[in-house]
Amino acid sequence: MWDWAIWAALVVAALAVTAALVLLVVRALRAWRQAKDTSRDVVRRLDDFSRKAALVSERLAAANETTTELQGSLDRLRVSLAQLAVLRAALDEVDGTVTRVAAYLPRK
């Protein structure tokens, strides 16, 4: 009399086991795909990082060259400013001398 209940319970249990196995397989495949995608993503990001690091290295080298050029320009500027200071001092000396001499010149 209870045979149909036992058979129904066995069918429900078999369906539950089958659904659980299908879910397990689906999740396992999804995890496998994500693992492959993750490894590809890691490799891609490392390549991108390597490319950016090389670009930064090139820019630093260019900045170092520019810094060397700027240092040379600053050295030349310091020399020019020193020459200008000497010339101004000489001009001030001449101006003072001319002013003293002009004091003795007759004016109109």
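Readers should treat all values here as calculations from the given coordinates under stated rules, not as data from a laboratory. As the structure is a computational prediction, the values presented were derived from the model and not from experiment. Counting neighbours? That spans all protein chains shown, and the Cβs are built from the backbone with ideal geometry, glycine included.
What the table below lists for this structure:
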| item | result |
| --- | --- |
| Linear extension gain, L81 paired with V56, 0.36 nm per residue minus alpha-carbon span | 5.4 nm |
| Relative compactness, the stretch 60-107, computed as alpha-carbon Rg over 2.2 N^0.38 Å | 2.15 |
| Three-way shape label, the stretch 1-43, alpha-carbon gyration tensor, a/c 1.5 | prolate |
| Crossing angle, helix 3-104 versus the chain [Cα axis fit, 0-90 degrees, rounded to tens] | 0 degrees |
| For the stretch 33-78, convex hull of alpha carbons as volume per residue, Å³ | 36 Å³ |
| Cα convex hull of the stretch 21-108, projected area averaged across orientations, nm² | 12.2 nm² |
| Selected from R45, R76, R88 as most flexible by GNM, with the chain as the system and alpha-carbon contacts under 10 Å | R88 |
| Of the chymotrypsin sites (Phe, Trp or Tyr not before Pro) in the stretch 1-86, those whose Cβ has at most 10 other Cβ within 10 Å and which sit in DSSP loop | W2 |
| Dipole magnitude of the chain, debye to nearest 20 (Cβ charges: Lys/Arg +1, Asp/Glu -1, about Cα centre) | 240 debye |
| Extended-chain gain in nm, criterion 0.36 nm per residue less alpha-carbon gap, R27 and A13 | 3.0 nm |
